[in-house]
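The values are calculated or read from the model by the stated rules, or taken from the named source; none is laboratory data. Please read all numbers here as calculations on a predicted model, not as lab measurements. Positions of Cβ are generated from backbone atoms using ideal geometry, with glycine treated the same way; all protein chains shown enter the neighbour counts. Areas reflect the complete protein model, heavy atoms only, side chains present, ligands, DNA and RNA absent. Shrake-Rupley method; radii C 1.70, N 1.55, O 1.52, S 1.80 Å.
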Amino acid sequence: MNNPDTVFADPKVLAELFPPARSNDFFEALFGDAEEGAYDIALRYSGCDAGGGTLHFYLDLIQRPGKCLVCNLTHGLPEVFSRHPIVNIKGLAADVAKLLGPQVECTNWKLGSTQQEESARHCIPLTLTMSEAK
């Protein structure tokens, strides 16, 4: 298995896993207009356990200029993100596994509760459990 700390240290890799355009696609599907979105969604890696079997990411919700992130209902987003086809957490987890090696698969993923790190940035923890493919 490739070292997760090395693989996910590159911001380009994270942007390929969760492209910036996906935010607009999400709001286009949700509101019919991407300009209605109050934030951009970005993937951030925050580390793994010693064996590399559990990976920790965040889906950062970054306030767009002229919008109010605090005024939006970000606390209900983990439930929405968990099943929304554009956010596609299941697909994201599979793509992460591919980057770790051909014999790696994601056996479980979990979105945590929304956290407010700053007024202009909230985040949703994403935990992926990896194992050797069967």
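Out of (1) out of contact with any helix residue (DSSP H, G or I) (no Cβ under 6 Å at 6 or more places or on another chain); (2) open to solvent by 60 Å² or more (accessible area, probe 1.4 Å), the odd one out for residue 13 is which?
(2)
Just to check your reading of the model, which residue among 41, 62 is closer than 20 Å to residue 112 by Cα, in a strand (DSSP E or B), open to solvent by 40 Å² or more (accessible area, probe 1.4 Å) and of a type outside the set (D, E, K, R)?
Details: 41 fails: open to solvent by 40 Å² or more (accessible area, probe 1.4 Å).
Result: 62 is the single residue among 41, 62 that is closer than 20 Å to residue 112 by Cα, in a strand (DSSP E or B), open to solvent by 40 Å² or more (accessible area, probe 1.4 Å) and of a type outside the set (D, E, K, R).
Test each condition in (1) open to solvent by less than 30 Å² (accessible area, probe 1.4 Å); (2) modelled with pLDDT under 90 for residue 31 and report the one that comes out false.
That leaves (1) as the condition not met.
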